[in-house]
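Heads up, the thing below is written out as structure tokens.
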Amino acid sequence: MSHTATGTEPAQPPPGDDHAFFGQPRGLMTLSGLEVWERFSFLGMQAILVLFFADTVSDGGMGMDPGTAASVSAAYGTLVYLVSVAGGWLADRILGSYRAVLYGGILIACGHYAMAVPTATMTWVGLGLISAGTGLLKPNVASMVGKLYGTEDNRRDAGFALYYMGINIGAFAGPLVTGWLGEHASWHWGFSAAAFGMTLGLIQYVAGRRHLAGRKHSGEYALAPGPMRRAVLTIVAGVVVVALVATALALAGWLTMDRFVDVLTLVSVIAPVVYFVVMFRSPRVTAEERGRLRPYVVLFLASVVFNFILFQAYSTMILLASTNARAEIFGFHFPASWYASALGAFEVALAPVVAAVWARMGPRQPHASNKIAIGVILGGLSFLLMVLPTSGHADETYKMAAWWIVGSYLLLGLGDILLETSGMSATTKLAPKAFASQTMALWFLSLALANGIQAQIVKLYGEVSNPAYFGVNGAIAVAAGVAVIAAAPWLRRTMHPVH
């Protein structure tokens, strides 16, 4: 969707900027650089977060049992993606994309700096700030990338490919730095590295702001001054009231960590149900669009199943690696959190290969629903693979070779590429026109629900055997993928114009 600029700002970047970054607009370098550092900080922190929660208090951790550590880590992810839905609305209606991303980045950096302070209170304050900041930043950076191109500019797809490569470079590098510092210095030094990375991202974002197209002081679809004042006052009052009620309930002993996790899970279930009900019942949605929404519900649920597995790459899989795997390859010893870097590395390496395969196959490539189904099956297989090295060892000191975890992440990375690219595309094509500007909200709600379910299921980790945990969850994901393939004839018939 193209937007016209107002004031003296051009709708597109200055002509000299147009091919300055690998044939792409210079603004793409600014936004990709921001994403490198945002993912560096976010996933770098997430790679050590569950280990920090599970570590003993005497060693600088929070002293949680493994299941609780994984559950709280998942609840944090739930909060991030729920806030992302509001972040898109705030940018559209009040802040504008540039300011939403800037304020989000500042909140993220402040959150990481707070987590660098070695107290439990600052840890929770930091996670709250990072959740709010990521919710503002994440849904709006991609829309800013789109604004660098005219509607007929055929460089758009290549530009997004470079942008996503930046995301995965950050995902690869973050855990390497934070993991090494977490193991060799302290967890809080790891959090400090995340703070430093986000600060660098913000500096280059502000320095390169003149190369960003369509900057405005208000939202693209800004509210009129009166409604905007009321909306701002309502938001501020709502945040204050929620904070006061939560504090009062916590002081009264009712709002425990377990109950907070349960509330987030409940919200993650209710939000997408309400969203779909509103769309199905809206008079602005035509009968034809309603027909396309039905198959999207299937794809939405497939995304939930896959991301339930994917997000555990930073929780139960890291815990398993830290206790049941040898952190050594070819004689080189490394922190367990470095396994998380394998996921980013595989996605950087495999994404162009997958794109080339689809280009070579042309019209013979699988339907979008089958690509999504194969992604879900690969996610399930990544868990089923863990059944083999964790089964049948009477010796409790036995540790699997590193290649088992690496192999699991390879399957997961390939599945993520297949599902994310097809799922995002299908979301934009199947959403009703009346909800076109909110299509990303749908996708983020699938991620929030996946984390909400994970927050409950991972409580079983450590309570049941590892083969049972990974085997049952993996088998359910494979079954879900097979079910989507079985529904392929109906999906192909009802998903037009998606191929």
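The values are calculated or read from the model by the stated rules, or taken from the named source; none is laboratory data. Worth saying up front: this structure is predicted, and the values here are computed from it rather than measured. Glycine gets a Cβ as well: all are built from the backbone with ideal geometry, and neighbour counts include every protein chain shown. Just the protein is used for accessible areas: all its heavy atoms, side chains included, with ligands, DNA and RNA removed. Shrake-Rupley method; radii C 1.70, N 1.55, O 1.52, S 1.80 Å.
Summary of values
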item	result
Some residue of segment 349-367 being charged (D, E, K, R) and open to solvent by 40 Å² or more (accessible area, probe 1.4 Å)	yes
Of the criteria (1) crowded, with 23+ Cβ neighbours inside 10 Å; (2) in contact with a Phe, Trp or Tyr (Cβ under 7 Å, 6 or more places away or on another chain); (3) closer than 30 Å to residue 63 by Cβ, which one residue 139 fails	(3)
All positions within segment 267-298 that are outside any loop (DSSP other than H, G, I, E, B), out of contact with any helix residue (DSSP H, G or I) (no Cβ under 8 Å at 6 or more places or on another chain) and over 22 Å from residue 419 (Cα atoms)	270, 274, 277, 278, 281, 287, 288
Single residue of segment 463-499 satisfying the filter (open to solvent by less than 60 Å² (accessible area, probe 1.4 Å) and of a type outside the set (A, V, I, L, M, F, W, C)) that is farthest from residue 71 (Cα to Cα)	494
Condition met for residue 391 (under 30 Å from residue 464 (Cβ atoms) and more than 25 Å from the chain's Cα centre (by Cα))	yes
From 125, 57, 50, residue being surrounded by 24 or more Cβ atoms within 10 Å (Cβ to Cβ), β-branched (Val, Ile, Thr) and over 16 Å from the mean Cα position of the chain (by Cα)	50
Any hit, segment 187-195, residues being open to solvent by 40 Å² or more (accessible area, probe 1.4 Å) and free of Cβ contacts under 8 Å to residues at least 40 places away in the same chain	no
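Residue by residue, here is whether (1) hydrophobic (A, V, I, L, M, F, W, C); (2) without any contact (Cβ under 8 Å) to a residue 24 or more places away in the chain holds:
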residue: 239; (1), (2): yes, yes
residue: 242; (1), (2): yes, yes
residue: 247; (1), (2): no, yes
residue: 251; (1), (2): yes, yes
residue: 271; (1), (2): yes, no
residue: 275; (1), (2): no, no
residue: 291; (1), (2): no, no
residue: 294; (1), (2): no, no
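A quick yes/no check of all residues on (1) touching a residue at least 24 places away in the same chain (Cβ under 8 Å); (2) of a type outside the set (A, V, I, L, M, F, W, C):
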{"position": "316", "(1), (2)": "yes, yes"}
{"position": "326", "(1), (2)": "yes, yes"}
{"position": "329", "(1), (2)": "yes, no"}
{"position": "337", "(1), (2)": "yes, yes"}
{"position": "341", "(1), (2)": "yes, yes"}
{"position": "344", "(1), (2)": "yes, yes"}
{"position": "361", "(1), (2)": "no, no"}
{"position": "365", "(1), (2)": "no, yes"}
